[in-house]
1. Hey, what's the Cα Rg ratio for segment 117-222 versus the globular rule of thumb, 2.2 N^0.38 Å?
2. Pull up the cross-link candidates among the aspartates and glutamates for Lys69, meaning alpha carbon to alpha carbon under 13 Å and not fewer than 8 places away within one chain.
3. If you look at just the Cα atoms of segment 1-69, how large are its Rg and its Dmax in Å?
4. Cα-Cα over 25 Å: which of Lys22/Lys52; Lys52/Lys162; Lys37/Lys133; Lys5/Lys201?
5. Taking a cut-off of 14 Å between Cα atoms, list the aspartates and glutamates near Lys222, but don't count ones fewer than 8 places away on the same chain.
Amino acid sequence: MNQEKIGKFILDLRKQNKMTQKELADKLNVTAQAVSKWENGRGIPDIEILQKISTEFNVNIESILNGEKNKKKMPIKYILIILLVIILLGVAIYLLLNSSDYNFTDIKSTSNNFNVNGVAAYSSDKNSIYISKIEYLDGDEEEKYVGMECTLYESHDNLEEKVSQCGSLKEEKQTPKTLSELLKETEFKVENFSCTSKNIKNSNLYISINVLDTEGKITTYKVPLVLTGSCN
């Protein structure tokens, strides 16, 4: 995570739009000192402020975290490299200006059928989860579905607690898609995760994927997750 590069990118965006630090600070509801801190590479905006900057300057969050606008029509191998870098830099989304120092850990899956990329951020008083990619590894799939529901669970003491959910199993008038196509539209952002474990890295997390086919049949996939390694 290159804070100086991110800061310079924010500085360039501000100057290109002929704004002072005070004017930008007022639009973001922060202090001019906070803007100065970012632009000098001494901090990174939190996820809420990053979203405001993205909207204000019409750039995506990945471009801000990467320190440059995404290029078009890049070879697929470079796109994959950039995606991996963005995932690692995604930890910056959970930095808060006035909170305790955060630690970070990668989120992966032990499943042979799914690849998961994400980041968990945690401190003494707050936990956050960001899962940006869920990939189905069966490249020869032919089954098409008209609905999908993804749910992030934490399991403890034989109990399951729903953490976050996206998608719906309600059949809609849309072109049926493969599981891979549906998963491309799926991500989880959990800013306040109340885990049962004292250390989020010990949490027993998994994703439940329910898909509805054209005949009304529901198929369920369970994707176990592990929190391992460090992004610091």
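1. Dividing the Cα Rg of segment 117-222 by 2.2 N^0.38 Å gives 1.19.
2. Partners within reach: Asp12.
3. Final numbers for Rg and Dmax: 10.4, 27 Å.
4. Beyond 25 Å: Lys52/Lys162; Lys37/Lys133; Lys5/Lys201.
5. Glu135, Glu149, Glu154, Glu160
Where a number appears in this text, it was derived from the coordinates with a stated rule and is not lab data. Everything quoted here is computed from the prediction, not taken from an experiment.
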